Amino acid sequence: MTETTITDFSSKGYLNMQLLRFTTAGSVDDGKSTLIGRLLYDSKSLFEDQLDAVKRASVQKGSEHLNLALFTDGLRAEREQGITIDVAYRYFATPNRKFIIADTPGHIQYTRNMVTGASTANAAIILIDARNGVIEQTYRHAYIAYLLGIPHIVVCINKMDLLDYRQDVFEKIKADFNAFVAKVLPGEDLRFIPISALKGDNVVKPSQKMDWYKESTLLETLETIPIDKDHDMVHQRFPVQYIIRPETDKYHDYRGYAGRIAGGILHPGDEVIVFPAGIKTKIQQIDTFNGPLDEAFPPMSVTILLNDDIDISRGDLIAGAGDLPKTGSDIDLMVCWMNPRPMQLNGKYALKHNTRDVRCVIDKIEFVLNINTLEEIPGRTSLAMNEIGRIHLHTTKPLFFDPYTVNRQTGSLILIDEATNETVAAGMIL
Amino acid sequence: MKDYNLTHLRELESEASYVLREVAAQFERPALLFSGGKDSIVLVHLSRKAFHPASIPFPLVHIDTGHNFEEAIIFRNKLVKKFNARLVVGSVQESIDNGRVVEEKGINASRNVLQTVTLLDTIEKYKFDAAIGGGRRDEEKARAKERFFSHRDEFGQWDPKNQRPELWNIFNGKKRMGEHFRVFPISNWTEMDIWQYILQENIELPSLYFTHEREVFFRDGVWLAKAPFMAMKPTEKAEKLRVRCRTVGDISCTGLVLSTADNLEDIIREIAATRVTERGGRYDDKRSEAAMEDRKKEGYF
Ligand SMILES: Nc1nc2c(ncn2[C@@H]2O[C@H](COP(=O)(O)OP(=O)(O)O)[C@@H](O)[C@H]2O)c(=O)[nH]1
Ligand SMILES: [Mg+2]
């Protein structure tokens, strides 16, 4: 890739750009911030005033070279502490793709941030310090990527410069990862890249020091990962978000169901069932501001008109008549607890699933997971912040759902503490 | 095989549409903060699309510093009429007259900071429970951590260290009496996305964004517009140059760039080649490196 093409938006090529969201996982000091800084810097996504600010700050901190990590370490509190404290989002683009990076910290108490960043990601970059190889925490990072259903995993073995860019180091770590981690977390699109975030090898530019590595650089990989199958294109799912009823003479009888398609490809004429009513009807029209569509697919926001006049409200689900979702009030799920106030067995919470609001009670904690060893610990009555466990809950009204592994939209939910209104858990339905 | 990928602009649009519909569904009295700048003009366009064929189900709120570019106000009034929208104006001048705020003095005086009080007063007066803003995470470091649904306490304050986690696209807008939310539907858009989208959708902008001749002067690396209320140092000289705005806000803090771009394609080319961030031209951010974070905590946009 030449330097000129990377910022070349002058053609109308951008009309065909795709969007890729990725997250980074790694332990403290593995080089996450440096890597993101390097990606932004080498892809010419940084501006002069940003560069100047970082140069000034680098000098102030007594750093010998440009401290790339400073580009991402945003808020004042964390600049003072020198660590990343929350999820921060970064943006850059090449002529092929626009990228959204969820920059999440690696310290143990921040599992919740990693889960947050992973929830919307197409790809995860798992960083391993070449000097340490696969360590306990590598399991945690891989597990979270797996649990959150991230379709593509890129393992970057970083700091290769400190080990003379040796191929045997890379091969050993790759073999260890395949033998121990990939074995327990199967089914992913998995790649390995040896890099030096600090020196820039194989991040944007191919390394001069590792000619034994013949595959793509990290950026090339991110630019070419196929993402068209990342959404569930099979099961037709349309959670009703908002009812559009214009109060004008022209649209007197218009009653549109607005929402974002969560699964499947929809067409006018398709037979659907509306939940919870259980009534069968057909899609009359898929409406948009730019006119009706012949087909629509995830993650498009559209407005659906139905053949029959049915009483439908926000929180209902329109699903393809051929492949119905599961329905019920008894839900098995994995949760990550995100609040300092622990989850209590028999505790009651508000629950948000797609556009549906219900209440629930936690009636069983099957086990808590030691996410560094993946060992299941039974017999617990609470779940603390940053813990992940398998639970069972009962809802006041039924949900219409799919397993998370089938559909990340209709399989996910959050719990809310009704006393504080805080979001306290992320749930992945089994 | 057919290609079922959305372009990045279509995906961003769909995401914004989803967020706007969530606001309409989850809140009783939402409002759209309309600055007159390109980001809020894009928000209005997105809102029209999201609720079509119904009209936009919330009013536009303009916090007026009184120090406006005339073109921006003319444009605002035209837009409100054309889209049959409802306009609410919160006046900084009124806040000054009522003694709610004290006008800054001196050469760098700006009403930009005073806006926060007027904004919070307006939110309280109309009992708005959600204020939709055009903030983007790429604009500034402190914004990079904003949520789509950003909780504000009963004093309108933001606590960046204690934010609700935001997972998938499930937005938690639950709040207590007196609290409100700031909502940022175009969080994930960059400046380039905005311009590309404006081109793709053929969205009308105020003429200020295109090249025009204007009396300007140079201060601390930024071109500022000459105006009756803009104090100038004796050493500063106004000259007539061809400029355009990269952002449009209160005159006192809107930096202008030297440019001959008179159409969207040229602006996009110019931005692709520009090596300074949009906010680099904002005089208000220069006060300190953490300026934005401090203002945001207090309730700024
Ligand atoms: N030698 C070397 N040092 C690196 C590399 N990447 C990061 N570092 C250093 O490792 C330290 C931690 O990096 P940082 O990006 O802050 O890690 P984070 O905690 O994962 O965000 C810093 O001193 C970096 O300069 C690399 O590829 N090679
Ligand atoms: Mg870091």
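None of the figures in this text is laboratory data; all of them are computed from the coordinates on show. All values derive from a computational prediction rather than experimental measurement. Ideal geometry is used to build each Cβ from the backbone, glycine not excepted, and the neighbour counts take in all protein chains shown.
Among the listed pairs B:78/B:237; A:98/A:205; A:174/A:199, those whose Cα-Cα separation exceeds 29 Å are B:78/B:237. For a straight C-alpha distance cut-off of 18 angstrom, the lysines reachable from residue B:145 (same-chain residues fewer than eight places away being disregarded) are A:32, B:161, B:296, B:297.
In order along the range B:176-189, the phi-based Karplus estimate (6.51 cos²θ - 1.76 cosθ + 1.60, θ = phi - 60°) of 3J(HN,Hα) comes to 8, 3, x, 8, 9, 10, 9, 10, 10, x, 9, 3, 8, 8 Hz; Gly and Pro are listed as x. Note on chain B: with a GNM built from Cα contacts shorter than 10 Å, the maximum mean-square fluctuation among B:130, B:25, B:50 falls on B:25. The overall shape of the range B:95-253 is oblate: from the C-alpha gyration tensor, with semi-axes ordered a ≥ b ≥ c, the ratio a/c is 1.5 or greater and a/b is no larger than b/c. As I understand it, the dipole of the protein assembly as shown uses +1 on the Cβ of Lys and Arg and -1 on the Cβ of Asp and Glu, about the Cα centre. Which of B:150, B:6, A:17 lies farthest toward its positive end? Going by the Cα projections, it comes out as B:150. Please identify, among A:249, A:330, A:316, the residue showing maximal mean-square fluctuation in a Gaussian network model of chain A using a 10 angstrom Cα cutoff. Judging by the Gaussian network model, the answer is A:249. Straight-line cross-link partners of residue B:174 among the lysines, defined as a Cα under 17 Å from its Cα and at least 8 positions apart when in the same chain: A:348, A:352, B:127. For residue A:229, a cut-off of 16 angstrom between C-alpha atoms picks up these lysines, skipping any fewer than 8 places away in its own chain: B:2. Within 10 Å of the Cβ of each residue in A:226-232, the mean number of Cβ atoms contributed by other protein chains is 2.
Tell me the angle of helix A:136-147 to the major Cα principal axis of chain A, expressed in degrees between 0 and 90 and rounded to the nearest ten. Here the helix axis deviates by roughly 30 degrees.
Remark: mean inter-chain Cβ contacts per residue of A:110-119 equal 2, using a 10 Å Cβ-Cβ cutoff to other protein chain atoms.
Take A:377-386, B:119-128 and order them by the average number of nearby Cβ atoms within 10 Å per residue, most first; the result is B:119-128, A:377-386. Considering only A:251, A:242, A:349, the Gaussian network model of chain A with Cα springs below 10 Å gives its largest mean-square fluctuation to A:251. Derived scalar couplings between HN and Hα for the range A:195-206 equal 9, 10, 5, 5, 8, x, 5, 6, 8, 10, 9, x Hz in order, rounded to whole Hz, by the Karplus curve 6.51 cos²θ - 1.76 cosθ + 1.60 (θ = phi - 60°), x for Gly and Pro. The mean count of C-beta atoms from other chains within 10 Å of the C-beta of residues in A:242-253, rounded to a whole number, is 3.
Under the rule a/c < 1.5 gives rounded, and otherwise a/b versus b/c splits prolate from oblate, where does chain B land using the Cα gyration tensor? Here chain B falls in the oblate category. What is the angle, in °, between the Cα long axis of helix A:32-42 and the longest principal axis of the Cα atoms in chain A? Nearest 10 is fine, range 0 to 90. Computed tilt is about 80 degrees. I need the shape label for the protein assembly as shown. Rule: rounded when a/c is under 1.5, else prolate if a/b > b/c, else oblate, with a, b, c from the alpha carbon gyration tensor. Cα axes put the protein assembly as shown in the oblate bin. What is the sum of charges around residue A:342, taking Lys and Arg as +1, Asp and Glu as -1, for the other residues whose C-beta is under 14 Å from the C-beta of residue A:342? Every neighbour counted, the sum reads 0.
For the range B:206-285, the dipole from Cβ point charges (+1 on Lys and Arg, -1 on Asp and Glu) about the Cα centre works out to 180 debye, to the nearest 20. Rounded to the nearest 20 debye, the dipole size of the protein assembly as shown about its Cα centre is 820 debye, using +1 on the Cβ of Lys and Arg and -1 on the Cβ of Asp and Glu.
If only the Cβ of Lys and Arg carry +1 and only the Cβ of Asp and Glu carry -1, the dipole of the range A:166-283 around its Cα centre is close to 180 debye. Ranking B:187, B:126, B:168 by Cα position along the charge dipole of the range B:115-189, where only Lys, Arg, Asp and Glu carry charges on their C-beta atoms, puts B:168 farthest toward the positive end.
The label-point distance for residue B:93 and residue A:364, in a model that sets each label 7 Å from Cα toward Cβ, rounds to 6.9 nm. When you restrict to C-alpha pairs under 8 Å that are six or more residues apart and normalise by the size of chain A, the relative contact order lands at 12 percent.
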